[in-house]
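Enquirer: Can you keep this structure in mind? I'll have questions shortly.
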Amino acid sequence: MSGGGYDPRRVAVLISGFGSNLQALLDAAKGGEWPGQVCLVVSDQAQAYGLERARRAGVATVTLAAADFPDRSAYDAALGDTLEAHNVGLIVLAGFMRILGEACVNRFAGRMLNVHPSLLPRFRGLRTHERVLEAGDPHHGATVHFVTAELDGGPRIIQYRIPVRADDTPESLSARVQEGEHIILPRAAGWFAAGRLTMNRDIPQLDGQPLTKPLVVKGEE
Ligand code: GRF
């Protein structure tokens with residue numbers, strides 16, 4: 001248990017679709033060396049393939065469809081109650097396509113991670129692969145960061161970086177970036193689960209040292 005009264009090893013994963021990042025977390029946990037345990041998967045889409053992955057792994061699933069709630073705050077409150085009911089310590093947003101309101105983010109401050117397909121602060125939001133190509137950036141990648149009320153703007157923990165090739169397309173970039181997501185997301189979540197990663201005044205701390213810059217994992221050059 002942490003000082004906050006939660007167990008950082010109990011991990012919830014929020015998804016909306018394919019769930020390849022969820023799978024990377026489930027696979028990491030299967031090996032026995034990863035310190036966390038995925039206890040709950042929440043989706044806002046009943047048809048999300050990631051729910052099937054969770055069921056196959058014997059993990060509890062909950063679907064919260066936006067249409068069943070009158071507004072965002074009611075949705076967020078139900079989501080927060082679900083997470084608390086399952087006693088999770090860490091909440092990982094892995095392709096969850098809803099924006100969470102400030103109250104919900106604050107309810108789990110310092111306990112929510114997101115994986116985003118760009119080298120933040122470049123390209124917050126959607127269509128990151130297209131935008132990288134349009135901008136002519138030499139590098140692209142993915143970022144795992146703590147979630148704050150600022151969309152894709154929370155403190156960065158670790159990035160995966162690849163060079164953009166002359167013949168890259170949004171599809172080729174997406175595939176290569178996802179490979180990296182599957183490395184950095186289990187790594188960061190594992191640090192949190194092991195009690196090694198925390199957030200203090202909006203600065204991530206790893207093993208007690210402030211991460212003033214994100215750690216970088218380089219993909220193929
Ligand atoms: C990932 O690229 C992630 O960065 C973004 O949504 C995608 C989810 O993919 N936030 P998956 O559902 O984990 O396969």
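Enquirer: Which residues, counting only those in the stretch 84-104, are within 28 Å of Glu179 (Cα to Cα) and touching a strand residue (DSSP E or B) at 6+ places or on another chain (Cβ under 7 Å)?
Expert: Val88, Gly89, Leu90, Ile91, Val92, Leu93, Ala94, Gly95, Phe96
A quick yes/no check of all residues on (1) in a helix (DSSP H, G or I); (2) away from the ligand (no atom under 12 Å from the Cβ); (3) on the phi < 0 side of the Ramachandran plot:
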position	(1), (2), (3)
Ala12	no, yes, yes
Ala29	yes, yes, yes
Gly32	no, yes, no
Val41	no, no, yes
Leu51	yes, no, yes
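Enquirer: Next question, about the same structure. Hey, among Val177, Val132, which residue is in contact (Cβ under 8 Å) with a residue 60 or more places away in the chain and aliphatic (A, V, I, L, M)?
Expert: Within the list Val177, Val132, the selection yields Val177.
Enquirer: If you don't mind, another one. Report every pair of residues separated by at least 6 positions or lying on different chains whose Cβ atoms are under 9 Å apart, first residue within the stretch 93-107 and at positive phi and within 16 Å of the ligand (Cβ to nearest atom), second polar (S, T, N, Q) and not in a loop (DSSP other than H, G, I, E, B).
Expert: Hits for this filter: Gly95/Ser20; Gly95/Asn21.
Enquirer: Also, I was wondering about something else. Kindly list the number of the only condition in (1) within 16 Å of the ligand (Cβ to nearest atom); (2) open to solvent by 70 Å² or more (accessible area, probe 1.4 Å); (3) part of a helix (DSSP H, G or I) that fails for Leu22.
Expert: Leu22 satisfies every listed condition except (2).
Enquirer: To continue, here is another question. Go through Thr212, Thr143 for me and flag whichever is among the polar types (S, T, N, Q) and either at positive phi or touching a residue at least 40 places away in the same chain (Cβ under 8 Å) (or both).
Expert: Sole residue among the options that is among the polar types (S, T, N, Q) and either at positive phi or touching a residue at least 40 places away in the same chain (Cβ under 8 Å) (or both): Thr143.
Enquirer: With the condition kept exactly as written, say whether any residue in the stretch 35-58 is free of Cβ contacts under 8 Å to residues at least 24 places away in the same chain and touching a helix residue (DSSP H, G or I) at 6+ places or on another chain (Cβ under 8 Å).
Expert: Scanning the stretch 35-58 turns up no residue that is free of Cβ contacts under 8 Å to residues at least 24 places away in the same chain and touching a helix residue (DSSP H, G or I) at 6+ places or on another chain (Cβ under 8 Å).
Enquirer: Restricting to the stretch 55-71, and then to whatever is part of a helix (DSSP H, G or I) and closer than 20 Å to Leu100 by Cβ, can you tell me which residue is least open to solvent (accessible area, probe 1.4 Å)?
Expert: That would be Ala66.
The values are calculated or read from the model by the stated rules, or taken from the named source; none is laboratory data. None of these values were measured; they are calculated from a predicted model. Positions of Cβ are generated from backbone atoms using ideal geometry, with glycine treated the same way; all protein chains shown enter the neighbour counts. Surface accessibility is based on the protein's heavy atoms, side chains included, excluding ligands, DNA and RNA. Shrake-Rupley method; radii C 1.70, N 1.55, O 1.52, S 1.80 Å.
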